[in-house]
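Here's the structure, in structure tokens; my notes come after.
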Amino acid sequence: LEKKQKEILNTDYPWILNHDHSKQKEISDWLTFEIKDFVAYISPSREEIEVRNQTISMIREAVKQLWPDADLHVFGSYSTDLYLPGSDIDCVITSELGGKESRNNLFSLASHLKKKNLATEIEVVAKARVPIIKFVEPNSGIHIDVSFERTNGLEAAKLIREWLNDTPGLRELVLIVKQFLHSRRLNNVHTGGLGGFSIICLVFSFLHMHPRIITKEIEAKDNLGVLLIEFFELYGKNFGYDDVALGSSDGYPVYFPKSTWNAIQPIKNPFTLAIQDPGDESNNISRGTFNIRDIKKAFAGAFDLLTNRCFELHSATFKDRLGKSVLGNVIKYRGKARDFEDE
Amino acid sequence: SQCPHKWNKIQCTLCKSEKHLKERCPSIWRAYILVDDSKMAKSKVLPFHTIYCYNCGEKGHFGDDCKKRRSSRVPNDDGSAFTGSNLSAELKQEYYC
Ligand SMILES: [Zn+2]
Ligand SMILES: [Zn+2]
């Protein structure tokens, strides 16, 4: 098995192996099944979760040994179960006495973890607005980012977990959109891409405002295929980025005119994404997403690719459909072979 | 019936739209699996307070039905999911009245 897992799969859409849905009457339903297969495929196995938890608790113990007043918490996509294989684990160290973000502390933690054989390839970023240390835990190979004394990430993660509970389909569509943007290198906030929280807000709004969902006529989980296409339709073709901001009120998403959001006035470039931070109404969580032009274009392209694929497969014979992928037209996944089970 | 133009006229035989042919009809992919009618509440209500416009950001109408100038430069010839036309017949009445 070890050897098998290290082989690189010779396909761009490995989730279709042994999972044939080409006999579905509606292509949208075929796509729904493929989305579920993809999500199952990239979801971690029990062993992977075990390794990750052990790794984190060893690092936590080491932190507490160095600083008895401190604790380490996981936030970000690992704590919300919205991560892709190989993504970094985001952690934050908080402490009773505070001040763990000082330059000296960053370096003493780095050397402490190194001495305990818990960190290699260490990078200390002391001068940034948010000081962090980055390293690879050598036994698991997991990449870890540690930040200090900031609890806003923990609060956001708590909120996102509530949204996930209240919003069927949110997890599946977020993972697809993340992988889509990842393979186009449009998900890195440091290069103007769309960050994880912003992606969640876009999908969250889409699902809670959809005419068929607000009237309870459809269940999102049964309709992931058509909903994915309509997500790309909304944010790739129709959304008014110039005039509309996203926000939330009482746990539900809202749109509102950008012109009524005082904290972001004056608006220099109107064609930008504006998402109000649920934890701080003066903060635009997508202010770093300066490349919305390419992101919108990519979404519109995905809409065209998927709908064209639907038209093509709709008129194809069952024989010609065999072995084809609908989702594979917009998502590629290359990496280690992964075993996955159907739920 | 002798008029040659009749044969050039585009009309979708699936949805009667004149914007596309049936091979490219959105109804091919915009196909929902509906909740079983017996499981649905007897009288459907339209929750106007959860309707927001993607074009102007105001409440109470869907983006396709916005009266303001369209802000996106990508055309929306065939209509999107966010329109009153995407509601079931009885709710459509409630929305458009
Ligand atoms: Zn049509
Ligand atoms: Zn409007």
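Just give me the residues in the stretch A:244-260 being more than 10 Å from chain B (Cβ to nearest Cβ) and touching a residue at least 12 places away in the same chain (Cβ under 8 Å), in sequence order.
If we filter the stretch A:244-260 for residues that are more than 10 Å from chain B (Cβ to nearest Cβ), which is where we start, we get A:248-251.
Residues satisfying the conditions are A:Ser248, A:Gly251.
Which condition breaks for A:Ile218 when tested against (1) within 14 Å of chain B (Cβ to nearest Cβ); (2) under 25 Å from A:Trp30 (Cβ atoms); (3) surrounded by 20 or more Cβ atoms within 10 Å (Cβ to Cβ)?
Looking at each condition in turn, A:Ile218 falls short on (3).
Please specify each residue of the stretch B:46-66 satisfying the condition of being touching a Gly at 6+ places or on another chain (Cβ under 8 Å) and aliphatic (A, V, I, L, M).
B:Ile51
Which count do you get for residues in the stretch B:58-83 that are within 7 Å of another protein chain (Cβ to nearest Cβ) and touching a helix residue (DSSP H, G or I) at 6+ places or on another chain (Cβ under 7 Å)?
Number satisfying all stated conditions: 8.
Quick one: in the stretch A:282-291, which of the residues that are in contact with a strand residue (DSSP E or B) (Cβ under 7 Å, 6 or more places away or on another chain) and in a strand (DSSP E or B) is nearest to B:Ser72 (Cα to Cα)? Please lay out each step first, then the result.
Within the stretch A:282-291, the first condition is being in contact with a strand residue (DSSP E or B) (Cβ under 7 Å, 6 or more places away or on another chain), and the residues that meet it are A:283-286.
So of that shortlist, the ones also in a strand (DSSP E or B) come out as A:283-284.
Details: A:Asn283: 25, A:Asn284: 21 Å.
By that ranking, first place goes to A:Asn284.
Among the residues of the stretch B:31-38, are any part of a helix (DSSP H, G or I), facing another protein chain (nearest Cβ under 7 Å) and over 14 Å from A:Tyr255 (Cα atoms)?
Quick first cut of the stretch B:31-38, residues part of a helix (DSSP H, G or I) only: B:37-38.
Then keep just the ones that are facing another protein chain (nearest Cβ under 7 Å); that gives none.
Scanning the stretch B:31-38, I find no residue that is part of a helix (DSSP H, G or I), facing another protein chain (nearest Cβ under 7 Å) and over 14 Å from A:Tyr255 (Cα atoms), so the answer is no.
What's the number of the only condition in (1) buried (at least 20 other Cβ atoms within 10 Å of the Cβ); (2) over 30 Å from A:Thr167 (Cβ atoms); (3) modelled with pLDDT under 95 that A:Ile93 fails to meet?
It fails just one condition, (3).
Which one is nearest to ligand 1 (Cβ to nearest atom) among residues in the stretch B:42-85 that are free of Cβ contacts under 8 Å to residues at least 12 places away in the same chain and touching a Phe, Trp or Tyr at 6+ places or on another chain (Cβ under 8 Å)?
Here the answer is B:Ile51.
Please determine whether any residue of the stretch A:292-306 is in contact with a helix residue (DSSP H, G or I) (Cβ under 9 Å, 6 or more places away or on another chain), of a type in the set (Gly, Ala, Ser) and assigned to a loop (DSSP other than H, G, I, E, B). Explain how you work it out, then say what you get.
Our first condition is that a residue be in contact with a helix residue (DSSP H, G or I) (Cβ under 9 Å, 6 or more places away or on another chain); within the stretch A:292-306, this holds for A:295-306.
Still in the list and also of a type in the set (Gly, Ala, Ser): A:298, A:300-302.
Now narrow it down to the ones that are assigned to a loop (DSSP other than H, G, I, E, B): none.
Taking every residue of the stretch A:292-306 in turn, none turns out to be in contact with a helix residue (DSSP H, G or I) (Cβ under 9 Å, 6 or more places away or on another chain), of a type in the set (Gly, Ala, Ser) and assigned to a loop (DSSP other than H, G, I, E, B).
Quick one: count up the residues across the stretch A:301-343 that are at pLDDT 90 or above and under 18 Å from A:Lys178 (Cβ atoms).
10
Among the residues of the stretch A:139-156, are any buried (at least 21 other Cβ atoms within 10 Å of the Cβ), in contact (Cβ under 8 Å) with a residue 40 or more places away in the chain and closer than 24 Å to A:Met209 by Cα?
There is at least one residue in the stretch A:139-156 that is buried (at least 21 other Cβ atoms within 10 Å of the Cβ), in contact (Cβ under 8 Å) with a residue 40 or more places away in the chain and closer than 24 Å to A:Met209 by Cα.
Assess whether A:Ser111 counts as being under 26 Å from A:Phe204 (Cβ atoms) and touching a strand residue (DSSP E or B) at 6+ places or on another chain (Cβ under 9 Å). Spell out how you get there, then give the answer.
Working: under 26 Å from A:Phe204 (Cβ atoms): no; touching a strand residue (DSSP E or B) at 6+ places or on another chain (Cβ under 9 Å): yes.
No: the conditions fail for A:Ser111.
If you check A:Ser108, A:Ser28, which single one turns out to be among the small types (Gly, Ala, Ser) and either farther than 30 Å from A:Phe311 by Cβ or not in a helix (DSSP H, G or I) (or both)? Quick ask: steps written out before the conclusion?
Details: A:Ser28 fails: either farther than 30 Å from A:Phe311 by Cβ or not in a helix (DSSP H, G or I) (or both).
Criteria check complete, one pass: A:Ser108.
So which residues in the stretch B:39-94 are over 15 Å from the mean Cα position of the chain (by Cα), outside any loop (DSSP other than H, G, I, E, B) and near ligand 2 (Cβ under 10 Å from one of its atoms)?
Within the stretch B:39-94, B:Tyr52, B:Lys59 qualify.
Restricting to the stretch A:11-63, what's the tally of residues that are away from every other protein chain (no Cβ under 14 Å), buried (at least 18 other Cβ atoms within 10 Å of the Cβ) and β-branched (Val, Ile, Thr)?
7
In the stretch B:69-91, which residues are of a type in the set (D, E, K, R) and surrounded by 15 or more Cβ atoms within 10 Å (Cβ to Cβ)? Quick ask: steps written out before the conclusion?
Of the residues in the stretch B:69-91, the ones of a type in the set (D, E, K, R) are B:69-70, B:73, B:77-78, B:90.
Within the stretch B:69-91, B:Arg70, B:Asp78 meet the criteria.
Looking at B:Cys25, B:Cys97 in this structure, which one is more than 8 Å from chain A (Cβ to nearest Cβ), of a type outside the set (A, V, I, L, M) and within 16 Å of ligand 1 (Cβ to nearest atom)? Give the steps one after another, and end with the answer.
Numbers: B:Cys97 fails: within 16 Å of ligand 1 (Cβ to nearest atom).
Testing whether each residue is more than 8 Å from chain A (Cβ to nearest Cβ), of a type outside the set (A, V, I, L, M) and within 16 Å of ligand 1 (Cβ to nearest atom) leaves just B:Cys25.
The values are calculated or read from the model by the stated rules, or taken from the named source; none is laboratory data. Remember, predicted model here, so these are calculated numbers, not experimental data. Cβ: placed from backbone, ideal geometry, glycine included. Neighbour counts: every protein chain shown.
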